[in-house]
Structures are given as C-alpha cells and as structure tokens.
Amino acid sequence: MDHRRWLESSIRLVTEKEVLSAGIVLPLVCIALAGVRFSVRRHQESPLAVDDWLIAIGVVMIAGMGICFIIGVKLGAWDHPTTNLSGTRIPKPYVEDLGSQGEIEFAIEILTCLAHGCVKTSIVFFSRRIFLRRKGSSFDWASWILIILSAAWAITFLGLVIFDCGKNVSFHWAPIQSIDGSHCDISKSQEALIISDFILDISIIILPIPSVWCLNMSWGKKLAVTGMFLVGLLSLVASTSQLVIYFLVSYHAHEYGIDINDTAITILWLSMLENSLAAIASCLPSLNLLAKGTRFRNFSYRLSSGVSHSGWLPLWKTNSANRKRPQPQPCADDLGNSSYPIESINFRDRRQIQIVNQQVFLRKDEPVV
C-alpha cells in the first residue's frame, strides 16, 4: 500500500479551531439578530411578513450547520488527509473514517441548500417591502423572477444532492475507490450548484441598488443606504472564494498540491460564512431601534422622510411613528383663511402647498382629505 504525502497546499485552508469557532459564533450572531428583527416588528406592532419567516427558517438551518461543524470537530472527522491507495483492499479503519466525514458533509450540504434558498428569498421579499412602488414595474417583475429562481434553485439542488446517485444515497459518503464502476459522478451537480449560486448572489445584491438611487435624498444618504445593502458583498466574497477553491481542487489538485479531503471542509466553511453574512445583512436595518445616539436617530428619521417623500415605503420607522397625535386644529385667528400651523398639515403628493412666514396654506380650490 502506497501512502503519498501531499505537498503543502498553496491555498489557505481553515483549521479545526476556525471550523469550531464558525460553528459556534456565526449561528449565535444570526439568532441574536433574528431575535432583534422580530422584537422590532413587535415594537412597531407590525405583522410578520414572508421575509421574516423565511429568515427565521434560514437561521435554523444555519444553526444546524453549526451543530454539524461542532460534531465533526469533536469526532475528528477532518483529521484524515487523502491517502493514495494501491491495490484492491481498502483498510477498514480508513473506510470508517471517511464514512463519518462523508456523512457529516452530506448533512451540511442538505442544510446549505435549504439555508441558501430561505435566506436569498427572504432578502428579495425584504427588498420588495421597502422599494416596491407600484405593481407591474420593472422592479416588481425582476424581484418576482429572482424569488422564483431562488426557490427553484433550492428545490432543484436539494434533490440533486440527495438523489444524484439515484437510490444509492450512501455513495455520497463512500470512499471513491468503493464506487468505481458505478458511473456516479456528483462533481457535475456540485459544479453547477456553486456557479449558479454565485450568479444568483450577484443578481440579488444588484436588485435594490437602482431603486436606492432613485430616492429623493442627498448623495451622502444614498451612499449610506447603498453601503448597508452592500454588506452582502462580504457574502459574495465568500461565494467567490468557494468557487475558486472548488475549481482548483477539481482540475488542479495534483498540480497545486491540494488535498481533496482537507479542502472539502474549507468549501463547506465558506458556504456557512456566505449564508451567515447574508442573514446578518438582511437583519441590519432592525438594529436602528437599538441606537440611542441622537445623531443616528436624526439620520434615520431623515432617511425615512426622504423615502416617504419620493413615493416609496419608509425603510425604518421612528419610535414616535406609532404614538397617537392630537387632531389638528385650525388657528383661531385664521379660521376664515383655512390656514393651519405646519405641525397640523397632512402632506399629500396631490396637494400644492405654499410656505409663507413658516405657515402652510392649502389652495382653496382643492378639497381637504
């Protein structure tokens, strides 16, 4: 039996400590932010929407991936590098080690597909809730197309991951030598999964950007809102790294001295990072109510005002949005002129207003609604 020692990899691979840290920290952060998101909805007395439930399911899948990482590290599933075997007899301990590693990786792949589908679809629904101005618009069509593609992507690749080898599901964690001649090649489906995931990530990140720059706000505020959405670029970086490593392993493993077993967990770790960062980015707007600084609150209020005056739904609601205000009363000295103080005016796009000496007058020929 020939054991060949692999050269030191030219790719930075994750260590067991990094895998364990990701399995613990990332799910906890996602759970905390999802809790804040639900708390904000309750504080605003807003009903939970589709995007809220989808992100909750996605966070559960991320937590499941974290549990698999922890179990894998504790069992030492990724301690065994690929061994080049000559001959027909495979040592039983080696088969058992690869079997436990393959089973955990198979479970992570299933959870990854579910998490991808839920988180991506949730982000698109969230974008619709903020930026959808009218039905039938280009944004409406584009967002629905991405929703359908994200759901179809998750269902399709979930089926491929499980039944790629037909009824022989155990081939997913069996050693390569034991399935020679079975004509089962899971590399093509994995390649399609990683490429399509990368393309879908780019499409979802680009979707809200044109809508942001159509808002009636200053350049600084537009850049701030764009930056919040572009936090998802970190998720795209993880997806890109996953794509590069996969192709290096698939086509240049021997040339670059890359151990296939050692890089498998790195690819799954990047999938975990991608899902977690996407979930975190989708929950960031909910942190607004936790900010106690006056400057940040004023920025949030102005941001919401800019969105409202441009005909779009507000991104955030201030704490005072739900407070009951007294009914507007006309000025005692100007009842005949139908004039009102600024605070009592209910702004409508179809009303024409004229500001004179800090007072607002409605045109007499337009009815008050």
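The values are calculated or read from the model by the stated rules, or taken from the named source; none is laboratory data. Note that the structure is a prediction, hence the values are computed from the model and not measured. Using ideal geometry, Cβ is built from the backbone for each residue, glycine included, and neighbour counts are taken over all protein chains shown.
Quick notes on this one:
- Within the range 39-51, being modelled with pLDDT of 90 or more and crowded, with 17+ Cβ neighbours inside 10 Å holds for one residue alone: Asp51.
- Residue check for Ala238: crowded, with 18+ Cβ neighbours inside 10 Å, in the same structural domain as Phe106 (by TED's automatic domain parsing) and at pLDDT 85 or above: no
- Flag if Val59 is surrounded by 18 or more Cβ atoms within 10 Å (Cβ to Cβ), modelled with pLDDT of 95 or more and under 27 Å from the mean Cα position of the chain (by Cα): yes
- Residue match in the range 77-96 (condition: modelled with pLDDT of 85 or more and in the same structural domain as Ile202 (by TED's automatic domain parsing)): no
- Whenever a residue of the range 201-226 is β-branched (Val, Ile, Thr), its partners that are assigned to a helix (DSSP H, G or I) and modelled with pLDDT of 85 or more, lying with C-beta atoms within less than 7 angstrom and at least six residues away or across chains, give the pairs Ile204/Lys120; Ile204/Ile123; Ile204/Val124; Ile204/Leu146.
- Residue check, Ala142 out of contact with any His (no Cβ under 7 Å at 6 or more places or on another chain), under 24 Å from Lys222 (Cα atoms), modelled with pLDDT of 90 or more and in a helix (DSSP H, G or I): yes
- Each residue in the range 111-139 was checked for being under 17 Å from the mean Cα position of the chain (by Cα) and either modelled with pLDDT of 90 or more or buried (at least 17 other Cβ atoms within 10 Å of the Cβ) (or both), and 19 of them qualify.
- Comparison of Gly227, Gly220, Gly257, Gly181 shows that the only residue that is assigned to a helix (DSSP H, G or I) and at pLDDT below 70 is Gly227.
- Pairing each residue of the range 127-139 that is without any contact (Cβ under 8 Å) to a residue 40 or more places away in the chain with any residue that is in a loop (DSSP other than H, G, I, E, B), provided the two are 6+ apart or on different chains, yields C-beta distances under 9 Å for Arg134/Gly311.
- Test: Gly72 is over 16 Å from the mean Cα position of the chain (by Cα), assigned to a helix (DSSP H, G or I), modelled with pLDDT of 90 or more and of a type outside the set (A, V, I, L, M): no
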